[in-house]
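Worksheet: the structure to be examined is printed underneath.
The values are calculated or read from the model by the stated rules, or taken from the named source; none is laboratory data. What you see is a predicted model; the values in this text were computed from it and never measured. In this analysis, Cβ positions are derived from the backbone assuming ideal geometry, glycine residues included, and neighbour counts consider all displayed protein chains. All accessible areas refer to the heavy atoms of the entire protein, side chains included, with ligands and DNA or RNA removed. Shrake-Rupley method; radii C 1.70, N 1.55, O 1.52, S 1.80 Å.
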Amino acid sequence: MQAQWERRFARHKDELEWLFMELYNDRAALDALEAEMFAAYAGRSAELHMTAAWQP
């Protein structure tokens, strides 16, 4: 599951980082946000994970 998250998140990480740092300039807060996003992803139901599995 972690590998799937990393692959999907990698497509958006640069833009998220750029926008977040422009607005808040707080690396620790960005790291915390990314950890919370992964926790939310990991907490999704198996049905949602299966739905997302077919998406590129």
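Brief remarks on what is shown
- Helix-derived mean residue ellipticity, 222 nm - over the chain, DSSP H n ≥ 4, -39500 (n - 2.57), to 500: -27500 deg cm²/dmol
- Difference of contour (0.36 nm per residue) and Cα-Cα distance, A46 to W5: 13.4 nm
- Counted charge near F38, where neighbours are those whose Cβ lies closer than 12 Å (Asp, Glu -1; Lys, Arg +1): -1
- Per residue value of the accessible surface for the chain (all protein chains in place, 1.4 Å probe), Å²: 78 Å²
- Accessible area ranking (1.4 Å probe, heavy atoms, ligands and nucleic acids excluded), largest first, for W5, W18: W18, W5.
- With K and R counted +1 and D and E -1, the other residues having a Cβ less than 14 Å from that of E17 yield a net charge of -3.
- Heavy-atom surface analysis with a 1.4 Å probe gives the chain a carbon and sulfur content of 60 percent of its accessible area.
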